[in-house]
Amino acid sequence: MRAFQLVEWQKPPQLREVLVPEPGPGQVLVKIGGAGACHSDLHIMQAPVPPPGNGMRLPFTLGHENAGWVEKLGPGVTGFAPDDPVIVYGPWGCGLCANCRRGRENYCQKTGGRGGGLGGHDGGMAEYLLVPASRFLIPLGTLDPREAAPLTDAGLTSYHAVKRSLHLLGPGSAAVVIGAGGLGQMAIQILRALSAATTIVAVDTATDKLDTAKRLGADEALLSGDQAVTRVKDMTHQQGAQLVLDMVGLDPTLRMAAQMARALGHLTIVGLGGGALPVNFSSPPHECSVAAPYWGSLPELIDVIALARQRKVRMLVEHFPLARVAEAYQLLQDGKIQGRAVITPQM
Ligand code: NAD
Ligand code: ZN
Ligand code: ZN
């Protein structure tokens, strides 16, 4: 089969011929319907050579946002049948540590929640994906894997980041989403679906992303910079927003986030831009909590699928055949993807 693999650090990945994996006991082979191109893949492609002994091995197939159809069950697997449409929960935990037993495999104490496509296991930018345990598969029902794939990362990560702050988002509250790309667009819809009472503000450097953000439910769409801070302050009687989600994570967006957040609020860093947030007595505001959540839990993915079934969230997807996967990533890098590029190896 063809697979899009990182073969050398800091070199462009390659579309290569590899063997179709054979599912062992407890494992499932999934025929990929859609594999979403996440901005994190660009960070991985540009990352420095990792230190030895951290579990990263080359080559590996990229793609951690996967959905498709069950192709083959390994010995002992029950509960699924060939051709069942499924979405793949991405952070593959051990299943046995305290966090995994609570469903939080994204914080597995053994694996760190690193799943396929992130350096330890092969991912889904290929015709088939080997999933190490059937509990990582959630049935999609009537949802199309080619449309649904981004729900498992862009959707789940945004859902988790919003959910942990919902108690702050009562009537009259405000939430700011910095970076209205794949994740930001999901976050806006999830905020809309879960908290009708919140004023949602989208901030981006690109006007087309801001237009999309408004169509998806943002009340205000602001160009990134000092004037956006002033506007958020004016909207909130100079108090700032209860929740600021930074889906970019660069120095300037983190600085903006600290200025937009209010005392007792949440400043949530989701973007892996590599910036740093200065913290001192007066900034971020008093008792504003800063957290950097990673992905989401397995039960939360079930919630996200339910939201998609109810048509409360949908991803704007642009489909690319596997032969054009490198081009899809280049378009993402250039800011030319509205929503998510999804690779469809079977089309
Ligand atoms: P994307 O490329 O689809 O979207 C990024 C958006 O940010 C674009 O709309 C871009 O115009 C905007 N942007 C860039 N610079 C900006 C600035 N200075 N101010 C405001 N907006 C700006 O990317 P994505 O796939 O949505 O991913 C977003 C980030 O989230 C990436 O860093 C990715 O690695 C990270 N991520 C984190 C997790 C996690 O678990 N924490 C999970 C998935 C992705
Ligand atoms: Zn991702
Ligand atoms: Zn675990």
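Read-outs throughout are calculated quantities, based only on the coordinates presented, and are distinct from any laboratory measurement. Quantities reported herein were computed from a predicted structural model and do not represent experimental measurements. Every residue, glycine among them, receives a Cβ derived from its backbone with ideal geometry; neighbour counts consider all protein chains shown.
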For this session: Enter the Cα centre distance for the pair the range 313-334 and the range 125-176, rounded to the nearest angstrom.
Result: 18 Å
Exercise. Using the C-alpha atoms of the range 67-167, what convex hull volume per residue, in cubic angstrom, is computed?
Worked result: 126 Å³
Exercise. When averaged across all projection directions, what area in nm² does the alpha-carbon convex hull of the range 202-308 cover?
Worked result: 7.6 nm²
Exercise. In percent, how large is the relative contact order of the range 1-103, given Cα pairs closer than 8 Å and 6 or more residues apart?
Worked result: 30 percent
For this session: Select from the range 95-126 those trypsin sites (Lys or Arg not before Pro) which occupy a DSSP coil region and have at most 14 other Cβ atoms within 10 Å, ordered by residue number.
Result: 102, 110
Exercise. For the chain, which semi-axes, largest first and in whole Å, follow from the square roots of 5 times the eigenvalues of its Cα gyration tensor?
Worked result: 34, 20, 19
Exercise. What shape does the range 164-243 have by the C-alpha gyration tensor, where a ≥ b ≥ c are the square roots of the eigenvalues, rounded means a/c under 1.5, and otherwise prolate means a/b greater than b/c and oblate the rest?
Worked result: oblate
Problem set entry | Spatially proximal lysines relative to residue 163 (Cα-Cα < 27 Å; intrachain offsets below 8 disregarded) | 110, 209, 214, 233, 312
Problem set entry | Reduced Cα scattering model of the range 113-233, Debye log10 I(q)/I(0), q = 0.13, 0.16, 0.21 Å⁻¹ | -0.63, -0.85, -1.15
Seminar exercise, completed: Taking every C-alpha to C-alpha distance in the range 23-97 and binning by 5 Å from 0, the per-bin percentages run 3, 12, 17, 21, 18, 14, 10, 4, 0
Seminar exercise, completed: Sequence order, the range 153-162: Karplus ³J(HN,Hα) from phi using 6.51 cos²θ - 1.76 cosθ + 1.60, θ = phi - 60°, Hz rounded, Gly and Pro as x, gives 10, 3, x, 5, 4, 5, 4, 4, 5, 6
Seminar exercise, completed: Amide H neighbours of residue 176 at under 5 Å, excluding residues fewer than 5 places away on the same chain, with H built from the backbone geometry, are 201, 243, 244, 245
